[in-house]
Every structure is written in structure tokens, then in C-alpha cells.
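So the structure is just underneath, and the comments pick up after that.
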Amino acid sequence: MFERIATGLVCGMSLLACASVAQAQTSFPNRPITMVVPLPAGGTADLLCRFAAEKASSLLGQQVVIENRAGGAGGRVGTESVLRSPPDGYTILCAPQLTYSITHLVFTKAAFDTRAMEPISVLATYPLIVLARVGLPANNMSELLAYAQANPGKVNYGHQGKGNTGHLLGELLMLKGNFRMTEIPYRGSAPAINDLLAGNIDIVPDYLLANKQNIDAGKLKILGTGGRERLKDYPNVATLAETLPVVYADTWMGVAAPPGTPKEIVKKISDAIGQAFQSPDLRARILALEAEPLGSTPEQMRDIIKASTEQWGPVVHAAKIAVE
């Protein structure tokens, strides 16, 4: 008799717990959502997250608050804070593609693995560009390859830090172009670009938005773009693939939730972002950044992460890139 009562109580409690979870998912969100961006404010990446937060807030009926939490290699501080957050949809991550695709390959000695996170949506994609100091005796990728092959190790390239997109693109160019450069790592794009402007280094793979003013003023030059098409504002700049076939280098910003976040909550956030990124005004703002708006589904984001791993994983292994 007692066992039957106890069993009934346990079953009843389980049903109540399930009902409570279901009700929480149905009523989600009933308070503000924090979107952690593991990067400093400013730049294309941060802007895309802010666009998503702004539009999703009105569609979800609750404010989505941006929290820039920079620090650590690869944005590790902000990313790990989301990994450790409750899987309830109220803390989510907005980060670049490499955060989701190669951290487990680069951080080999640390428990920093984002593969268990729940993909929500890829916001937009945008290409890397190869920038050069004005005095470099090369005005396009063909000339850079010829110069670098004739002067092994003489060309030096700066990048934003170990395991970042600029670092990987520099290594990919050397692998595919059969030449060597001297790598000079920095802590972020800004100090690398400052040294490029001063003529202390030769090239920096970076992004257009933060550098457009210096390019248009003639203080920097673009040798190539990593997109599949030429940049509309710089139609004379060839894509990297025009010189090195099948070499593409773009990046994207994606939103993800902590491991175990219910699929219903993930879908609700993803649907709001997808709807937002179809709006004509937001699409126009994103296109103005030389980025391509997307607003993918969770399933599409999962496939895009896989493609990123397949693209950059071999570069990580070939260049023996590792971050402590």
C-alpha cells in the first residue's frame, strides 16, 4: 500500500515537473534575454549581433540585451560563460564561425569545446580581405605570390591572434601558394592594422568595414577578397580564388544556446531571427556592410558549422596551430 502511494507520488511529481517545463517553454520568453558577444563593441561582427538583438526583441516581446564580454584567446571568456549558463534560453551566444567549428582542435589542452552547444541561427556571412601596406611591391595576389616566392620569409603578415581567421587565412595562402611568410601575431586587429599603416609589417588579412576609410584614403590597399564574388565597392580587386583556385575565406556570425536548451526554445529564437533577417530594412543595412544576410534555421547552422570545420580543420593540423 505504502509503495503504491509512494510510486503514485513520484509519478505525480514527475508529471508536475514535466508540466512545469512545458509551461516554461510555452511562455518563453517572460523576461529579458542576454546575448553575450565575446568581442569588443564595434565592427561588423558586433553590429550583426546588435541588429539581431534589436529586431528579435520586438518579435519575441522581450528585450534582448547585448553584453560584450571580450577576453581570452578566441573570445574564450564570453563563450565559456554561456557554456556554463542554464539551458533555458535566457543566455545565448553570438560569436564568429571559428568559435563553433575549431575550438576543440585549437584548444587541445583545455576543456573548451563548443560542439555540444545548440545552434540557433547564422546571421550573415562576409569575406576576409588581404590588406597590404602602400609601399609593398605587390598590388594584387598574383604579384604577392611572385614576390613572396622570390623572397622566402621576407614578407611578414600580422593577424588578430593565434587561431583567428586572419591567422588561418595567412596559413592557407602559404599552403596553397607554395610560399613562406613570417607570422607576427597581435592581440586583436587594431594593433596589427596600426603597424600596417606605419609600414612595420607587410600584410594583414582582416575585414572591410573597419578598414574602408583607410583604403579609400589611400593609406592601405586591398590585394584580394576571400568572397566568391568581387566586392561591389572595389570591382577591380580580384577574389583569392581567381589566383588560387578553390581558396575562399569568409566568416559568419552565429547565435547558439547552452547545451541541452529545449528545441522549442531554440526554434522560437531562431524563427524570430529568421523573420527579422528577411525584413527589407535590415537586409539593406547588412548589405551596406558588404555582408550577405542569412538568418538560418538551426539545422542549416549545424551544416554550416560542419562545412567550416572541414575547411579550416586541415589548415589547423597542417600549420600545427594550438592555443594554451
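Helix-only mean residue ellipticity at 222 nm, the chain, DSSP H runs n ≥ 4 weighted -39,500 (n - 2.57), per residue, nearest 500. What is it?
One gets -13500 deg cm²/dmol as the mean residue ellipticity at 222 nm.
Whole number please: convex hull volume per residue of the Cα set in the range 208-324, in Å³?
Here the figure is 160 Å³ per residue.
From Cα coordinates alone, what are the radius of gyration and Dmax values for the range 126-189 in angstrom?
Just the Cα atoms of the range 126-189 yield Rg and Dmax of 11.4, 32 Å.
Report for the chain the percent antiparallel among DSSP-assigned beta bridges with both residues inside it, nearest 5.
60 percent
Which residues does a label at SER58 reach in the range 263-288, if reach means a backbone N under 11 Å from a point 7 Å past the Cα toward the Cβ?
Output list for this probe position: 276, 279-282.
Specify whether the C-alpha gyration tensor of the range 175-222 places it in the rounded, prolate or oblate class, a ≥ b ≥ c being the square roots of the eigenvalues: rounded for a/c under 1.5, otherwise prolate if a/b is larger than b/c and oblate if not. Present the calculation step by step, with values, prior to reporting the outcome.
Numbers: a/c = 1.87, a/b = 1.51, b/c = 1.24.
Prolate shape, in that a/c is at least 1.5 and a/b is the bigger ratio.
Taking Cα centroids, how far is the range 264-324 from the range 196-234 in Å?
The distance from the Cα centre of the range 264-324 to that of the range 196-234 comes to 23 Å.
Can you list the residues, at least 5 places off or on another chain, whose amide H is less than 5 Å from the amide H of THR91, using H built in the peptide plane?
THR34
For the chain, list the DSSP H helices whose alpha carbon atoms reach 18 Å or more along the long axis and whose average Kyte-Doolittle value is -1.0 or above? Please report the intermediate quantities before stating the final value.
Values: long enough: 2-27 (37 Å, 0.90); 43-60 (25 Å, 0.53); 263-276 (19 Å, -0.15); 298-318 (30 Å, -0.58).
Sorted by number, the helices that extend far enough and score high enough are 2-27, 43-60, 263-276, 298-318.
With 29 Å as the limit, write out which pairs from LYS263/LYS320; LYS176/LYS306; LYS268/LYS320; LYS219/LYS306 have Cα-Cα distances beyond it, or answer none.
LYS263/LYS320; LYS268/LYS320; LYS219/LYS306
Under a plain spin-label model, where a point goes 7 Å from the Cα along Cα-to-Cβ, how far apart in nm are ALA210 and VAL65?
2.6 nm
If I model a spin label at ARG228 and ASN151 as a point 7 Å from the Cα along the Cα→Cβ vector, what separation in nanometres do I get?
Taking the two extended label points, one gets 3.6 nm.
Just subtract the alpha-carbon distance of GLU310 and ASN236 from 0.36 nm times their residue separation and send over the number in nm, one decimal.
On the way: separation 74, 0.36 × 74 = 26.64 nm, distance 3.03 nm.
Gain on extension, GLU310 to ASN236, equals 23.6 nm.
When a/c reaches 1.5 or more, the comparison of a/b and b/c decides; with that in mind, is the range 129-242 rounded, prolate or oblate per its Cα gyration tensor?
Values: a/c = 1.30, a/b = 1.07, b/c = 1.21.
Rounded shape, in that the Cα axes give a/c under 1.5.
Which far-off residues, 5 or more places away or on another chain, put their amide H under 5 Å from the one on GLY188, with H placed in the peptide plane?
GLY161
For the chain, what mean projected area does the convex hull of the alpha carbons give, in nm²? Spell out each step's value before the answer.
Numbers: hull surface 73.2 nm².
Taking the Cα atoms of the chain, their convex hull projects to 18.3 nm² on average.
Can you pull the one-decimal nm distance between simple spin-label points at GLU324 and ARG283, each 7 Å off the Cα toward Cβ?
With each label point 7 Å from Cα toward Cβ, the separation is 4.9 nm.
Values quoted throughout were computed directly from the atomic coordinates according to the rules given, and no laboratory measurement underlies them. These numbers come from a predicted model, not from an experiment. Cβ coordinates were reconstructed from backbone atoms using ideal geometry, including for glycine residues, and neighbour counts include every protein chain displayed.
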